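Step one of this worksheet: look at the structure below.
The values are calculated or read from the model by the stated rules, or taken from the named source; none is laboratory data. Bear in mind that the values here come from a model prediction, so they are computed numbers and not experimental data. Cβ placement follows ideal geometry from the backbone for every residue including glycine, while neighbour counts extend to all protein chains displayed.
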Amino acid sequence: MSNENTVIKEETLNAFNAMWDLHPSPVLLIRTNRDIVAVNEAGRHLGIPAGIKCFQLAGNSSICDGCKGTAAVKENTGKQAAAWQAKRNMFVDTYWIPVQDETGLFVHFGNDITEYVKEEFIGKH
C-alpha cells in the first residue's frame, strides 16, 4: 500500500481540482503515508500546504486517532465518521474516500454540521 514514490497521474490531479475546488470547506488528496498531495481552493485559502503530513495540521506527530484513511484504501470503500471536535468547537461529519485507479491515495474532508445536530449530542462525542 506504500506509494510515497509513485507519480500521481495528471488526470487524477485535474479530476480532484475539477470535483473539489468549489467545495466550501477544505478537501485534501492524501497518500497512505499521509503526505498531502493536493488541496482544494478552500484549503489553499486557509493556507493548508501540499507536501506536509496531514496529521501535522492537527498538531500531531503521528496519524490521528480515529483516522480511517488506511482502512478506506485497504477495503476500497469510502469511510465516514461524525463526532464533536472540542478543539474546533464543532460537530464534524468526516469522510475518507479511496481514489480509483491510484494506489494508496484517498480524498479526505470534513463538513461542519454543528447547526444540524441536536443539542444533546454537542460536546458528548
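Here are some conditions: (1) among the acidic types (Asp, Glu); (2) in contact with a helix residue (DSSP H, G or I) (Cβ under 8 Å, 6 or more places away or on another chain); (3) free of Cβ contacts under 8 Å to residues at least 60 places away in the same chain. Residue 93 meets all but one. Which one does it not meet?
The single condition residue 93 does not satisfy is (2).
Identify, please: which residue in region 34-51 is surrounded by 14 or more Cβ atoms within 10 Å (Cβ to Cβ) and not hydrophobic (A, V, I, L, M, F, W, C) and is, among those, nearest to residue 75 (Cα to Cα)? Working first, answer last.
Residues of region 34-51 surrounded by 14 or more Cβ atoms within 10 Å (Cβ to Cβ): 34-44, 48, 50.
After this cut, where a residue has to be not hydrophobic (A, V, I, L, M, F, W, C) as well, the list is 34-35, 40-41, 43-44.
Numbers: 34: 17, 35: 20, 40: 25, 41: 29, 43: 27, 44: 29 Å.
Step by step, filter region 34-51, then rank; the result is 34.
Name, by its number, the condition in (1) farther than 25 Å from residue 115 by Cα; (2) crowded, with 16+ Cβ neighbours inside 10 Å that does not hold for residue 79.
Condition (1) is where residue 79 drops out.
Are there any strands (runs of 3 or more DSSP E) wholly within region 1-99 with 1 or more residues that are at pLDDT below 95 and not small (Gly, Ala, Ser), and if so which?
Numbers: elements: 27-31, 36-39, 79-85, 90-98.
Result: 79-85, 90-98.
Given the condition touching a Ser or Thr at 6+ places or on another chain (Cβ under 6 Å), surrounded by 14 or more Cβ atoms within 10 Å (Cβ to Cβ) and not hydroxyl-bearing (Ser, Thr, Tyr), answer yes or no: does some residue in region 97-109 qualify?
Looking through region 97-109, at least one residue is touching a Ser or Thr at 6+ places or on another chain (Cβ under 6 Å), surrounded by 14 or more Cβ atoms within 10 Å (Cβ to Cβ) and not hydroxyl-bearing (Ser, Thr, Tyr).
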